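In what follows, a structure is listed as structure tokens, so that the remarks can point back to it.
The values are calculated or read from the model by the stated rules, or taken from the named source; none is laboratory data. Remember, predicted model here, so these are calculated numbers, not experimental data. Every residue, glycine as well, gets a Cβ built from its backbone with ideal geometry; the counts of neighbours run over all protein chains shown. Surface areas here come from the heavy atoms of the whole protein model, side chains and all, with no ligands, DNA or RNA. Shrake-Rupley method; radii C 1.70, N 1.55, O 1.52, S 1.80 Å.
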Amino acid sequence: MLFCRGTACFVARHLAPERWRQAEASEPRVYCLGKCYLGPASSDAEAMPRIEVRSREAVVLANLARGGAPSLERYLQQGGYQALRRARDLAPQEIIVEIEASGLRGRGGAGFPTGRKWRSVFQQPVQEKYLVANADEGDPGAYIDRLLMEQDPHRLLEAMAIAARAVGAHTGYIYLRSEYPHALAAMEQALTEARAAGYLGNDAPAPGGPFDIQIVNGQGSYVCGEETALLNSIAGQRPEVMPRPPYPTEQGLFGRPTAVNNVETLAAVPWIIAHGGQAYRSLGFSQSWGTKVVSLNSLFLRPGLYEVEFGVSVRSIVEELGGGLLTGQLKGVIIGGPLAGVIPPELLDTPFGFEELQAIGAAVGHGGVVAFDEHTSIPELVAHVFDFAAYESCGKCTPCRLGTRWAQRLFSGVQDGWRATGADRQQWEEVVAALADTSLCGLGTGAADFARSILRHYRLELDACFA
């Protein structure tokens with residue numbers, strides 16, 4: 001049995017202290033089981049979370065809200081693969097135009113325009129190209145992709161077939177994290193069904209050539225969620241982050257142009273092709289168009305998955321959807337995983353959008369919403385987050401490899417009653433600056449964003465740590 005020690009479970013450790021002790025004693029560590037609504041979670045817990053659509057249109061969660069579509073028969077009953085049929089009547093450029101018109105941005109954390117990425121791959125003057133679905137959902141607090149793959153697997157396959165048509169790929173990969181065995185079984189069964197029905201495989205009647213998909217099971221490394229490390233892992237190389245340029249759209253998997261999209265990003269594609277890019281763009285607000293699924297952790301009264309439109313306030317997500325906290329008063333909210341800025345209660349009225357959250361030092365990320373209360377002190381939270389960052393670091397960047405571990409030891413010492421010095425504080429802030437300036441990937445820069453939000457919003461509690 002596996003026990004989770006991710007952030008969503010860490011802040012809920014008072015709900016099940018014995019289970020948390022088992023998590024702390026377990027090796028190798030497991031930092032997310034995709035069951036954050038049950039935290040502290042273990043692998044034998046099988047309860048389904050609440051699933052609700054709170055947007056004007058059910059773009060991503062339509063089938064889940066109706067009880068799921070795990071089989072091809074059920075998926076077809078819900079209108080599945082009609083978007084793929086339409087896409088096969090369109091030229092690749094026409095598909096890309098619709099995605100560009102939709103304003104769809106990556107839901108894995110970076111928020112990069114999906115249409116721009118697809119167009120870049122399409123324009124590369126080579127025949128061999130690849131499509132990769134990033135299903136390495138490693139951010140503690142997020143369980144969106146897991147449930148999409150377990151309960152609506154054909155949506156991902158249909159979306160990948162559409163994307164492959166657009167960019168000119170004949171081979172696709174799903175990079176699936178090892179902590180999701182039920183998602184693996186569901187995707188393998190869906191692949192078998194899709195091939196037998198002629199939607200995928202070497203015999204599929206697809207314009208531009210056949211398209212098939214392989215599943216690669218990850219080995220538990222958080223850094224593989226970063227696209228260049230993920231591509232290295234698929235290719236059998238050391239999964240470390242690579243400097244850019246060149247970008248994966250130019251030189252990706254096996255040195256060929258590659259489009260990498262996360263599962264939720266792809267899950268929106270069939271709806272866009274069926275309804276049109278402008279219909280999708282009419283949802284949301286500002287520069288954040290469409291809908292976003294958020295996953296709420298177990299400290300909420302109503303944890304679960306909610307599909308919302310961009311523009312709703314963070315307060316609405318916390319108080320109206322989540323119903324407030326189960327225990328204690330809200331102390332802060334982390335959206336998009338532990339390596340992101342903390343949102344204090346006084347900033348809950350911030351609109352939920354890419355630029356709006358970035359303006360307060362936070363992020364949309366993958367949409368995991370982890371709330372914590374007074375059961376978690378700031379030194380405890382800082383030590384936990386930097387311990388996570390140190391454990392998951394690939395070691396390529398020196399500030400990440402050494403600085404995160406130093407910070408973890410510093411704040412663990414503070415928890416044990418040791419009073420740090422002003423020199424320690426100065427060194428910590430220097431480590432944070434180095435992480436922000438020199439890290440190749442979001443692990444290091446995210447740790448810096450987290451630390452800066454602590455310095456900005458929790459200064460009084462932080463000051464008490466230093467002499």
**Request:** When a/c is below 1.5 the answer is rounded, else prolate if a/b is larger than b/c, else oblate, so apply that to region 346-467 with a ≥ b ≥ c taken from the square roots of the Cα gyration tensor eigenvalues.
**Result:** oblate
**Message:** Less than 12 Å Cβ to Cβ from Ala436, Lys/Arg counted +1 and Asp/Glu -1: what total charge do the surrounding residues give?
**Reply:** -3
**Item:** Crossing angle, helix 442-457 versus the chain [Cα axis fit, 0-90 degrees, rounded to tens]
**Value:** 50
**Prompt:** Normalized C-alpha radius of gyration of region 1-107, against 2.2 N^0.38 Å?
**Reply:** 1.54
**Asked** If you stretched the chain out fully between Tyr391 and Ala185, how much longer would it get, using 0.36 nm times the residue separation minus the C-alpha to C-alpha distance?
**Response** 71.3 nm
**Complete:** Once the in-chain neighbours fewer than 8 apart are removed, the lysines whose Cα is under 21 Å from Lys292 read Lys35, Lys117
**Prompt:** Once the Cα atoms of helix 422-438 and of the chain are each reduced to a long axis, what angle between those two axes, in degrees from 0 to 90 to the nearest 10, is obtained?
**Reply:** 10
**Message:** Order 278-285, 121-128 from most to least packed using the mean count of other Cβ atoms within 10 Å.
**Reply:** 278-285, 121-128
**Fill in**
Counting sequence-distant residues (5 or more places) and residues on other chains, those with an amide H built under 5 Å from that of Arg50 are Leu305
**Fill in**
With the 1.4 Å probe rolled over protein heavy atoms, region 180-246 has an accessible area per residue in Å² of 47
**Item:** Relative contact order of the chain, pairs being alpha-carbon contacts under 8 Å that are 6 or more residues apart, as %
**Value:** 17
**Request:** Using only Cα atoms, locate the centre of region 1-44 and the centre of region 329-385, then give the distance between them in Å, rounded to an integer.
**Result:** 20
**Message:** Charges at C-beta only: +1 for Lys and Arg, -1 for Asp and Glu. How large is the resulting dipole of the chain about its Cα centre, in Debye rounded to 20?
**Reply:** 420
**Request:** Name the residue farthest towards the positive end of the dipole of region 98-252 from the options Ala142, His182, Ser102, assuming +1 on Cβ of Lys and Arg, -1 on Cβ of Asp and Glu, about the Cα centre.
**Result:** Ser102
**Item:** Cβ-based net charge around Ser298, under 13 Å, with every Lys or Arg adding one and every Asp or Glu removing one
**Value:** +4
**Complete:** Note on the chain: alpha-carbon gyration tensor, axes a ≥ b ≥ c; rule is a/c under 1.5 for rounded, else prolate if a/b larger than b/c, else oblate; result prolate
**Request:** Rounding to the nearest 20 debye, state how big the charge dipole of region 85-143 is about its Cα centre with +1 on each Lys and Arg Cβ and -1 on each Asp and Glu Cβ.
**Result:** 180
**Item:** Within the chain, percent of DSSP bridges classed antiparallel, to nearest 5
**Value:** 45
**Item:** 13 Å beta-carbon shell around Leu104, net charge (K/R +1, D/E -1)
**Value:** +4
**Asked** How many percent of the accessible area of region 409-449 is carbon or sulfur, using a 1.4 Å probe?
**Response** 47
